[in-house]
1. Compute the distance in nm between two label points, each set 7 Å from the Cα along the Cα-to-Cβ direction, one at residue 36 and one at residue 109.
2. Given +1 on the Cβ of Lys and Arg, -1 on the Cβ of Asp and Glu, and no further charges, what dipole in debye does the stretch 1-148 carry about its Cα centre, rounded to the nearest 20?
3. Can you tell me the order of 73-79, 53-59 when each peptide is scored by its average per-residue count of other Cβ atoms within 10 angstrom, highest first?
4. Between residue 2 and residue 174, what is the spin-label point distance in nm, taking each point 7 Å from the Cα along the Cα→C-beta axis?
5. Tell me the mean residue ellipticity at 222 nm calculated for the chain from its helices only (DSSP H runs of n ≥ 4, each -39500 (n - 2.57), averaged over every residue, nearest 500).
6. Between the alpha-carbon centers of the stretch 104-160 and the stretch 1-56, tell me the distance in whole angstrom.
7. Once both axes come from the Cα atoms, what is the angle between helix 158-179 and the longest principal axis of the chain, in degrees from 0 to 90, rounded to 10?
8. Quick one: helix 25-34 against the long Cα principal axis of the chain, what's the angle to the nearest 10°, folded into 0 to 90?
Amino acid sequence: MALITVEPTRTDLAIANAISHHANPQFEETAEALTWGADEHVLLGLAATAWLYARLRRPEERRVANHILTVSLATAVLPHILKTVFDQIRPDRLTLLGHRRGIPFSGRARDAFPSGHAVHMGALASAGALLPPSRRRLVRTIAMALSLTRIALLAHWASDVVAGFTLGIVVERMLRPWTLARRSGEPVDRGARHG
């Protein structure tokens, strides 16, 4: 039993009821496939692959890869810790109509708060600030869309996703000073982009 029980807000309930009434199997299957893009196992695998590739690149790219891997590890662990403190029933456990319309069961019944997928996506959206503007917008749009799949699947309440996304941003920003700092003795990359 967790220390704190989190109740859904009226807005959470209204959104979940609307989704439950308008769900259809095709939409739910699409959302279920897309939500894998925000799964911690997929993201850790991609971050580790990018980290290995970056070993062959310039120091600036290695720092960014170190940062992404560190953030990915932190955002993979943190939601699990928080779910031992917070107890909240998932919205998919409170609908019969939604399941008849294609909404699947997700995760442990009382692990709704916070959304781990949204924590990862908030961190990714925040880290997007390290990219050029056009890529930054794309990364942020994808991160938000993947987070919204958790609401569409009724795996999380809207407030769980907002809280998780915000937490991901905070984690990414808190880690930047340590992971992106230039190490003493490291050569300055004259070809690196400033800003």
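A short reminder: the numbers here are calculations on the coordinates, not readings from a lab. Treat the numbers as computed from the prediction; the structure is a model and nothing was measured. Heads up, the Cβs are rebuilt from the backbone with ideal geometry, glycines too, and the neighbour counts pull from every protein chain shown.
1. 2.8
2. Details: 17 positive and 12 negative charges, 105 e Å.
The calculation lands at about 500 debye.
3. 73-79, 53-59
4. Taking the two extended label points, one gets 1.8 nm.
5. That calculation yields -21000 deg cm²/dmol at 222 nm.
6. Here the two parts' Cα centres lie 6 Å apart.
7. Relative to the chain, helix 158-179 is tipped by roughly 10 degrees.
8. For helix 25-34, the angle is close to 20 degrees.
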